[in-house]
Amino acid sequence: MRRFGLCLLSFCAFALAGPPASALEPTILAANGGPKPDGYEGVGAPRVPPLLARNGRLYGIDAYDNIFSLENYVNHSRQVVQLTEFGLEAFSGGLVQDHRDGKGEMYVAGFRVAGPFDELDTGRLLRLDFDGSHPRALVELLEPNGILVIDDDHLYGLDKGPEGNGRLFTVNLDAAQPALETVHTFSAGPQGQRQYPNGMILGSDGWLYGVSAYVRGVPYAPGTPSSPATPTGTVYRIDPRQGTASFEVLHTFVLDDGEIPWQTRYGETYHRNAVDGANSIGYTLSGLVEGPDGYVYGNLSLGICTTPGTQEEGWSHFLEALPLCHGQEVAADDQLKWYASDPPHYDGPNLHGSVYRVAMSGDDFAIVHRFSGGDGGSQPRGPMVLAGDGNIYGTTYAGGRLSGGRALPGEPVEPPADDEWGYGGAIYRINPDQIRINESGQVEDDGFELVYGFVDGVDKQGNVRYDGRGPVGLSLGLDGRMYGGNLSGGGYFSTSGSKVLSRTGTLYRLSLNPDDEQSRVTVTITPGEIEEGGTALLEWSTVDASNCTASGGNDGDGWAGAKDDSGFLRVSPEPGTHYYTLTCESTLTGGQVGDVASLGVGAPDRETDEQVLEYGNGSGGSPSWWLLAGLGVLLAARSKRSGRR
């Protein structure tokens, strides 16, 4: 591929700057699903936030049990590994990478759901190359929850263990034949409740901090305790070098605080946490992050996403999804109702979840914030991050901002009926410096702010956005920016039969510095050299740019003219060197941005021009069409001179 970046800034005057980009408005990098070029098919809803790897690419896991990858700009997700080939089907934790010098391998853990009545399911830890390729099994596990932590040459993870209540294990990554070693085995909870290991992080003090859920049971099912004092889980710490001798419970949660997600099977009933196989909500675990103030912060929500059905079959034969797990909120008597059925469907006092903090020394605990539902957010889960501004960021499944209707591009926007509005989830932050708790334990200032509500369709003001719905938490990249994914939505596409379908989730990036997010246009051609009669794939994408116009190319190849903000085209031009230019309007500054790529046909000896110039992908001004054309001629002349040398 041969792609040029052209800088218009030195050739033209700056345009008047428009309003600055919001530092916390997500840049949607990809919307999965739908028809795409060869090699991109089969990517579904992201289950976990993507990992920004050392090679600059993002890697994630989708609901089809694929590892997928994409560039860190607006483009397509591409399948890298199909994990079902290794007998793995369930993942709640993402990929981790070994960042030691000379390393770079990635690791992932999952398990195979054998059947509803199996006591334990098998699982595996896989090692992959630095780019996510060539997976191979490292050790066998028992239903791991997917959470992995790397500290120097040791990897730590969690599975159910042979006793079924959880096991903290380690693997020496540098061993010639890596083997599983047990660091700690969890015991049963109060009244014999099962423990379900959840989120876990490595603290700055070298200790592991984690949470575990006590399996309370399906709300309103026979035998399920519902007292506000019912234990629902713990937050603990352990020195991995000392093992069980250092294990310490820092706090035990009760139902009044909230719950920790769990998934288990016991007796003759399989209680599944996932609402359905498509969005895998139940595999998203509780988040945990170390703050800058000596506290560990975490989130609490619903323990399980199912409730007894109201149908005649009875609860033991029919479980239905809690509305909150789908993002639907229909309040009635401060409870929830499932469409036309009668409330309540959740038996705990904390419908919408909460955020807590506990001192790393274990002598101070507080519920910092309780979510209120609606535009106050609901159901926090998934990883949290400590960003460069000293604030803690996380996401909620539901709440945030009203969104509704199927707003298709080019069609008139009509607000939906009142009962068709929903919430797509939200991004929140907590400023630890602002938290104020008095001597009696009352929170006077929680430092909480809901900073973004996802919209997938039209909002109350008539704005159309395809952010996606149902965020699964955040990851912090090596570049200081945050990355996340949404379980569904992201716009629509038409099939060959003109049937309109929804896309299967989105991936996004958050930057605290508005200067990091600039309008960009990217044009690529693969391969950059073809023989006469051959075909190349021309792709283009934009970030914060629209009203695009294409120029150049070859007569009749369908390139020149108005273009969508992203797309692809197969071209097979006549022999020669062809330049494909795309210019768009920046939605941040009003100026023009663009990119150009070249394709050589029947010229295998064409040398690559190593001089790369920036082309308006930033704060640029408003160049006229003749300047763009002139730069195209300049590139052509350079290429000819290069060919004569």
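Read-outs throughout are calculated quantities, based only on the coordinates presented, and are distinct from any laboratory measurement. Since the structure is predicted, the reported quantities are computational estimates derived from the model, not experimental observations. As a convention, Cβ positions derive from the backbone with ideal geometry for all residues, glycine included, and neighbour counts pool all protein chains shown.
Structural remarks
- Here the simple spin-label model places points 7 Å from the Cα toward Cβ, and for residue 531 and residue 293 these points are separated by 6.8 nm.
- Using a simple spin-label model with pseudo-atoms 7 Å out from Cα toward Cβ, residue 547 and residue 439 lie 6.3 nm apart.
- Here the average projected area of the convex hull drawn through the C-alpha atoms of segment 54-161 stands at 7.0 nm².
- Pairwise FRET efficiency - residue 414 versus residue 570, Cβ, R0 = 35 Å, nearest 0.05: 0.45
- Residues 59, 156, 508 in ascending order of nearby Cβ atoms (within 10 Å, fewest first): 156, 59, 508.
- Sorting 357-369, 237-249 by their mean Cβ neighbour count within 10 Å, with the most densely packed peptide first, gives 357-369, 237-249.
- Residue exposure sequence - 351, 202 - by fewest surrounding Cβ within 10 Å: 202, 351
- Neighbour counting of Cβ atoms within 10 Å sorts the residues 347, 418, fewest neighbours leading, into 418, 347.
- Segment 557-579-segment 138-179 distance, computed between alpha-carbon centres (Å): 50 Å
- One decimal place: the segment residue 122-residue 460 gains 116.9 nm when fully extended, by the rule 0.36 nm per residue minus the C-alpha distance.
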